[in-house]
1. Check the stretch 81-101 and report whether any residue there is of a type in the set (Asp, Glu), surrounded by 18 or more Cβ atoms within 10 Å (Cβ to Cβ) and at pLDDT below 95.
2. ARG132 fails exactly one of the following numbered conditions: (1) closer than 23 Å to LEU331 by Cα; (2) outside any loop (DSSP other than H, G, I, E, B). What is the number of that condition?
3. Can you say whether PHE173 is touching a strand residue (DSSP E or B) at 6+ places or on another chain (Cβ under 8 Å), aromatic (Phe, Trp, Tyr) and either farther than 30 Å from SER95 by Cα or not in a loop (DSSP other than H, G, I, E, B) (or both), as far as the supplied structure shows?
4. For the stretch 32-48, which positions are within 23 Å of VAL141 (Cα to Cα) and touching a residue at least 40 places away in the same chain (Cβ under 8 Å)?
5. Just name the residue that is surrounded by the fewest Cβ atoms within 10 Å (Cβ to Cβ) out of those in the stretch 177-194 that are of a type outside the set (Lys, Arg) and closer than 19 Å to PRO145 by Cβ.
6. Among SER37, SER56, SER84, SER95, which is part of a loop (DSSP other than H, G, I, E, B) and over 23 Å from PHE250 (Cα atoms)?
7. Testing ILE285 on (1) on the phi > 0 side of the Ramachandran plot; (2) outside any loop (DSSP other than H, G, I, E, B); (3) not polar (S, T, N, Q), one condition comes back false. Which one is that?
Amino acid sequence: MGTIMHVDMDAFFAAVEILDNPQYAGKPVIVGGHKDSKRGVVSTCSYEARKYGIHSAMPISRAVALCPHGIFIPGRMKRYQEVSAQIHAIFPKFSPIVEPLSVDEAFLDMTGCEHFYSSLEQMGQTLKNEIRKQTGLTASVGIAPNKFLAKLASDWEKPDGLFVIRTHEVQEFLQDLPVSKIWGVGKKSEQALHQLGLYHIHDILPHSEQWLVDRLGSLGTHIYYLARGIDHRPVEAEQEVKSIGHEVTFHDDQTSFPFLRSQLGQMAEKVGWRLRNHGLYARTITIKVRFHNFRTITRSHTVQNPFCDDDTIFSEALHLLENEKLEPVRLLGVSVTNFTTDLQLSLFDERDQGEKLSQVMDQINRQFTHGTITKGRTLLNDLD
């Protein structure tokens, strides 16, 4: 058994805003858009705001209705990334094996490092103290034998939490949890489990892996093992970039092609932004589509001339999507691979203009906030 630590910053974007604006302390802070935003959604909110029923991905208009006196902030991604860099610079001091998950969370493989501390609790508290010292922010830490359990543990006593699950405590900890706590179980799969009479993890345990697979497909194997606290995924340290992608899981299954097209536009800009920041060009575009029944497909296309511009990513991804017979879509993703740092354009290749336009947009977005300038295709026109 290993010792895995999951670190999750508390209401990160909102916490940074409160750090920079102490007058916001103790007040409901909602990051994601102005009060009058028509399309904005909540990115993060303070714990004071959560008392009003506000949560991430909620439309700003709904958040305003729930908490009209809240402090609504569009967000400052550049500032959040600065603080994130400070936090992630701390982790290698504790473990050589760090897997960043996002700007505000990471896994650390602490296996073999336990003897440096008087207890697992002291190990977690030492990291929390260092983050607080360096940034002024609080983090919640979970420590457990594997990644699934460590992530559950970090969420157990939020905010500013520290929770340890030891090997002999796993089954007792898991058995009464709702099935929604299993990693990868969303609303649709939760409903499918409920239809089978499975509401809590202890309801799953009497059933065999085959029984679950017969009813849930490959998801059944996933649920069978995690319900028993078994997760063999290693903590994977950052390596050379082999793919760059972005995907979105929708709260409701989507059937509107104009909506999916706008989502592709947004993802193309995010992927292109990261591609250019790495100084890379790609040759292969891949889309990933997961349907309402969890059937998942990937489709790829490799082009002759390498690219890094948003237009090429979008147009190639859209072409791949248009060639598929779509059922209600649960997840949509775009990624690029097959990298090179050398660019060889045909004399007649128009992508050079697309790259220059993308670079101009990058400059504007760096000066302000990523997403300040975008293309019309990323917006869902009300007339569509």
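1. Yes, that holds for at least one residue.
2. (1)
3. Numbers: touching a strand residue (DSSP E or B) at 6+ places or on another chain (Cβ under 8 Å): no; aromatic (Phe, Trp, Tyr): yes; either farther than 30 Å from SER95 by Cα or not in a loop (DSSP other than H, G, I, E, B) (or both): yes.
For PHE173, the condition - touching a strand residue (DSSP E or B) at 6+ places or on another chain (Cβ under 8 Å), aromatic (Phe, Trp, Tyr) and either farther than 30 Å from SER95 by Cα or not in a loop (DSSP other than H, G, I, E, B) (or both) - is not met.
4. TYR47
5. Of the residues in the stretch 177-194, the ones of a type outside the set (Lys, Arg) are 177-180, 182-186, 189-194.
Narrowing further to those that are closer than 19 Å to PRO145 by Cβ: 177, 182-184.
Working: LEU177: 14, ILE182: 22, TRP183: 14, GLY184: 10.
Here the answer is GLY184.
6. Values: SER37 fails: over 23 Å from PHE250 (Cα atoms); SER56 fails: over 23 Å from PHE250 (Cα atoms); SER84 fails: part of a loop (DSSP other than H, G, I, E, B).
Just one listed residue meets the conditions, SER95.
7. (1)
Yes/no matrix, rows are residues, columns are (1) more than 28 Å from ALA11 (Cβ to Cβ); (2) in contact (Cβ under 8 Å) with a residue 60 or more places away in the chain; (3) not in a helix (DSSP H, G or I):
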{"residue": "PHE148", "(1), (2), (3)": "no, yes, no"}
{"residue": "GLY184", "(1), (2), (3)": "no, no, yes"}
{"residue": "SER189", "(1), (2), (3)": "no, yes, no"}
{"residue": "LEU198", "(1), (2), (3)": "yes, no, yes"}
{"residue": "PRO206", "(1), (2), (3)": "yes, no, yes"}
{"residue": "ASP231", "(1), (2), (3)": "no, yes, yes"}
{"residue": "VAL235", "(1), (2), (3)": "no, yes, yes"}
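The values are calculated or read from the model by the stated rules, or taken from the named source; none is laboratory data. Here the structure is a predicted model, which means the values were calculated and not measured. In this analysis, Cβ positions are derived from the backbone assuming ideal geometry, glycine residues included, and neighbour counts consider all displayed protein chains.
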